[in-house]
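See below for the structure under consideration.
The values are calculated or read from the model by the stated rules, or taken from the named source; none is laboratory data. Keep in mind that this is a model prediction, so the values were computed, not measured. No Cβ is skipped: glycine too gets one built from the backbone with ideal geometry, and neighbour counts run over all protein chains shown. Note: accessible area is taken over every heavy atom of the protein model, side chains too, but ligands, DNA and RNA are not part of it. Shrake-Rupley method; radii C 1.70, N 1.55, O 1.52, S 1.80 Å.
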Amino acid sequence: MENPELYQFPISHYCEKARWALDYKGLDYRVHNLVPGMHQRVVGRFAAGSSVPLLVAGDRVAHGSAQIITVLDELVPEKPLTPADASQRGEALAWEQWLDSQVGVDVRLVCYHTLLHHRDIVSHYFRQGGPWWAGLFLRFGFGKKPQVRFGIGGADVEPPVFEIEPVAIEIQETERRFMLIEIILDQIHGFLFL
């Protein structure tokens, strides 16, 4: 297999999940850091929609961190990220779906609400490894769109609340621990650290 290519944002927890999956598999891969807003053109060449991460591995395209993990497990079955046993696999995938759609969305909302009020920090991270013009675009072209898209208010609006404790309790109450849960929890902790 030729080296996969990951199209991503440097500070997205969904992209971090994809990077960790690639690293866990021990794959050499090329990262393309995209500029928010302008990324839609690049992603649109490979898949419908505009979200990242997106992985191109030979003739395979995986869009979204969950699909990337599935494709990586198919392409590199050694060191699986999801259990082989059907019932455990179903349970792990249900956890992943819940964490991605519920917890991940809330974490993204809290982080963007905070980070978008600090353009210098956001611009610094989004410029890393990107095109030379990224700083100019982020300074002048990255305005209200993210706030509208993610339902984030202005500086006078209370930040959204994300409670980690109910999530931790829910996870502790399950009998099994899965690699996917570990990865997602690590990304939540990393994003909260920002």
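A few remarks follow.
- Set Val31, Val105, Val71: member being open to solvent by 30 Å² or more (accessible area, probe 1.4 Å), of a type in the set (A, V, I, L, M, F, W, C) and modelled with pLDDT of 95 or more: Val31
- Residue, farthest from Val31 (Cα to Cα), within the range 121-150, restricted to residues that are at pLDDT 75 or above, open to solvent by 40 Å² or more (accessible area, probe 1.4 Å) and assigned to a helix (DSSP H, G or I): Ile121
- If you go through the range 34-52 and keep only what is open to solvent by 20 Å² or more (accessible area, probe 1.4 Å) and assigned to a helix (DSSP H, G or I), you end up with Gln40, Arg41, Val42, Gly44.
- Here Glu16, Glu91 are screened, and the one residue that is under 17 Å from the mean Cα position of the chain (by Cα), in a helix (DSSP H, G or I) and in contact (Cβ under 8 Å) with a residue 60 or more places away in the chain is Glu16.
- With respect to being of a type outside the set (A, V, I, L, M), open to solvent by 40 Å² or more (accessible area, probe 1.4 Å) and either within 12 Å of Ala18 (Cβ to Cβ) or at pLDDT 90 or above (or both), Asp59 fits the description.
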